[in-house]
Amino acid sequence: WNHVLPHDEL
Amino acid sequence: MNIFRLAGDMTHLFSVLVLLLKIYATKSCSGISLKTQELYALVFLTRYLDLFTDFISVYNSVMKVVFISSSVAIVWCMRYHPLTRRTYDKDLDTFRHYILVGVSIILALLFHDRFTFREVFWAFSIYLEAVAILPQLVLLQRSGNVDNLTGQYVFFLGAYRAFYILNWIYRYFTENHYSRWISWLAGFVQTALYADFFYYYFVSWKNNAKLQLPA
């Protein structure tokens, strides 16, 4: 799993 | 969404509500650093650039609007509102916060995920938020006694990022994402900066005494 956290956080 | 992140967002929201209550109820912003409020407004304005471009959820959009509007409203109140602006400790709130902005811009230009407009601004907002509380902590040390609401405001503001760190740990183990090292590092620095405040806050709570920060 190389994909980084999406900007779904505040 | 996981319980740690929800707790973090609710704690963050609560800290804003406590600050608004303090200013509204006491008709005063003594003990509050305008510089920290300006830095937070900048953090939200640069982090939530995607407010009108990426729709993630109603919750996400509503919270972004709440954080942006409350931080801008507080800055406006402290700068221009005829009543509250006079209660601002201008001569105590002397932290040179533009240095924090400058350093964060340089860091964001050097260290970012991808060199895109959005990512550089996002990294800038993460670095700036990590240090945005400094003017407020310095002001609290200078102003000696801290009123309850101001103490609670700083406490919840510090606690929210600690919940976010738990959220990143949780997501690390349960999802196939990992959080950006930028978030981890800045999140730890941000929470660590509150460490001594948390200590004195706990001591004052345990002794049921007034919160006193050593000068």
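Under 8 Å between Cβ atoms, which residue pairs at least 6 apart in sequence (or on different chains) link something in segment B:47-68 that is touching a residue at least 24 places away in the same chain (Cβ under 8 Å) with a partner that is outside any helix (DSSP H, G or I) and surrounded by 16 or more Cβ atoms within 10 Å (Cβ to Cβ)?
Qualifying pairs under 8 Å: B:Asp50/A:His7; B:Met63/A:Leu10; B:Phe67/A:Leu10; B:Phe67/B:Tyr48; B:Ile68/B:Tyr48.
Could you figure out which of (1) away from chain A (no Cβ under 11 Å); (2) touching a helix residue (DSSP H, G or I) at 6+ places or on another chain (Cβ under 8 Å); (3) not small (Gly, Ala, Ser) isn't true of B:Tyr48?
Condition not satisfied by B:Tyr48: (1).
For (1) crowded, with 19+ Cβ neighbours inside 10 Å; (2) within 19 Å of the chain's Cα centre (by Cα); (3) under 20 Å from B:Ser33 (Cβ atoms); (4) of a type in the set (Gly, Ala, Ser), each residue gets a yes or a no:
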residue	(1), (2), (3), (4)
B:Ser104	yes, yes, yes, yes
B:Phe111	no, no, no, no
B:Arg114	no, no, no, no
B:Ala123	yes, yes, no, yes
B:Val131	yes, yes, yes, no
B:Gly144	no, no, yes, yes
B:Ile169	no, no, no, no
B:Gly187	yes, yes, no, yes
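Could you list, in sequence order, the residues of segment B:46-63 that are surrounded by fewer than 18 Cβ atoms within 10 Å (Cβ to Cβ) and closer than 19 Å to B:Leu17 by Cα?
Across segment B:46-63, the qualifying residues are B:Tyr59, B:Ser61, B:Val62, B:Met63.
Conditions tested, residue by residue: (1) assigned to a helix (DSSP H, G or I); (2) of a type in the set (Gly, Ala, Ser); (3) within 19 Å of B:Asp147 (Cβ to Cβ); (4) at pLDDT below 95.
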{"residue": "B:Leu39", "(1), (2), (3), (4)": "yes, no, no, no"}
{"residue": "B:Leu42", "(1), (2), (3), (4)": "yes, no, no, no"}
{"residue": "B:Leu51", "(1), (2), (3), (4)": "yes, no, no, yes"}
{"residue": "B:Phe55", "(1), (2), (3), (4)": "no, no, no, yes"}
{"residue": "B:Val65", "(1), (2), (3), (4)": "yes, no, no, no"}
{"residue": "B:Ser70", "(1), (2), (3), (4)": "yes, yes, no, no"}
{"residue": "B:Ile74", "(1), (2), (3), (4)": "yes, no, yes, no"}
{"residue": "B:Arg86", "(1), (2), (3), (4)": "yes, no, yes, yes"}
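Among the residues of segment B:88-99, what is the count of those that are assigned to a helix (DSSP H, G or I), touching a residue at least 24 places away in the same chain (Cβ under 8 Å) and over 13 Å from B:Gln37 (Cα atoms)?
Going through segment B:88-99 one residue at a time, the tally reaches 0.
The values are calculated or read from the model by the stated rules, or taken from the named source; none is laboratory data. In this text, all values refer to a predicted model and were calculated from it rather than measured experimentally. Neighbour counts are summed over all protein chains in view; Cβ atoms, including those assigned to glycine, are modelled from backbone coordinates with ideal geometry.
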